[in-house]
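Heads up, the thing below is written out as structure tokens.
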């Protein structure tokens, strides 16, 4: 059988308990971040003209939640027992990609913190179109980050076992 052929699920090596736990922890982080992203999108989509103060407060609250969840996700991803740390430790040729993901976590956190500062300082009229656009970039960056991380973890598994992920583990990685 060639390394690119799919193997029946029952023949694929099981993830050991710690790896399964790491996938589950990552999924909890990503679910929490996704909820915060959706809350922010709802706040951004609310009408702003004539109610800029209330709109700003709703966006500020949603952004604070997103800032907290992404910070927690980044901290967990940087932990010595995280999936990313496991990939960097066991597959040295992927270390630069792990490093890139961690740098992107920091950049996204800095962008969130910067926008939080602007919203916290603005008490008068707020340029809601500009804030919406800039936060849309942050949300797009978060989606990109999630996809890159999922791709890396999948690639690391495939490289380690020369087999496709079991369907259940692949669905967990993709958040299904």
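The values are calculated or read from the model by the stated rules, or taken from the named source; none is laboratory data. Only a predicted model underlies this, so the values are computations on that prediction, with no experimental measurement involved. With ideal geometry, Cβ positions are generated from the backbone for all residues, glycine too; neighbour counts draw on all protein chains shown.
Tell me which helices (runs of 4 or more DSSP H) are completely within the range 49-159 and hold 2 or more residues being under 18 Å from residue 38 (Cα atoms) and touching a helix residue (DSSP H, G or I) at 6+ places or on another chain (Cβ under 7 Å), or say none if there are none.
Correct list: 52-78, 95-121.
Sort out which residues of the range 42-70 are surrounded by fewer than 16 Cβ atoms within 10 Å (Cβ to Cβ) and within 19 Å of the chain's Cα centre (by Cα), and write them in order of number.
42, 68
Give the range 16-36 a look and list any residue that's out of contact with any helix residue (DSSP H, G or I) (no Cβ under 6 Å at 6 or more places or on another chain), within 18 Å of residue 70 (Cα to Cα) and either at pLDDT 90 or above or surrounded by fewer than 18 Cβ atoms within 10 Å (Cβ to Cβ) (or both), or say none.
Scanning the range 16-36 gives 24, 25, 28, 31, 34, 35.
Checking residue 141 against (1) closer than 20 Å to residue 22 by Cα; (2) touching a residue at least 24 places away in the same chain (Cβ under 8 Å), which single condition isn't satisfied?
Unmet for residue 141, out of (1) closer than 20 Å to residue 22 by Cα; (2) touching a residue at least 24 places away in the same chain (Cβ under 8 Å): (1).
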